[in-house]
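As structure tokens, the structure follows; a few thoughts come after it.
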């Protein structure tokens, strides 16, 4: 379960990094998505970002992914740096993130079990078993 959650975090982190006002897969459907409060929606309607934008990038607000996961909080360079990740599975991660990896906070599983996380302030590499990767690492 833990390895699958970590693999999901890495895959989802990569998907938000290139999204912004200039991305042709997204349309500004509300407000000012360049330098103000607005809402970007994917052309297929399966994902969105809403909140405060600066230079076409979400800086505070909420990102909803096609798979149902929601990231909410403070974003920097396309990544959530402080806030909450709510996964479709029911797991949540609340705390601080660096390069989309939680460095301090709490993971709460659907069964209510919590796990504190404290990795420090430097980016960490967390090994993920091949079996946890999409396609089973084949």
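The values are calculated or read from the model by the stated rules, or taken from the named source; none is laboratory data. What you are looking at is a predicted structure, and each value in this text was computed from that prediction instead of being measured. Cβ atoms come from the backbone with ideal geometry, glycine included; neighbour counts cover every protein chain shown.
Restricting attention to segment 94-128, and to residues there that are out of contact with any strand residue (DSSP E or B) (no Cβ under 8 Å at 6 or more places or on another chain) and modelled with pLDDT under 55, which single residue is surrounded by the most Cβ atoms within 10 Å (Cβ to Cβ)? Filtering first and then ranking leaves 128.
Against the conditions (1) surrounded by fewer than 15 Cβ atoms within 10 Å (Cβ to Cβ); (2) at pLDDT 95 or above, residue 18 satisfies every one except (2). Applying the criterion of being touching a helix residue (DSSP H, G or I) at 6+ places or on another chain (Cβ under 8 Å) and assigned to a loop (DSSP other than H, G, I, E, B) to the residues of segment 68-93, the residue that is surrounded by the fewest Cβ atoms within 10 Å (Cβ to Cβ) is 89. Pairs linking a residue in segment 111-123 that is part of a loop (DSSP other than H, G, I, E, B) to a residue that is at pLDDT below 90, with Cβ atoms under 6 Å and 6 or more positions apart or on different chains, are 123/98; 123/99.
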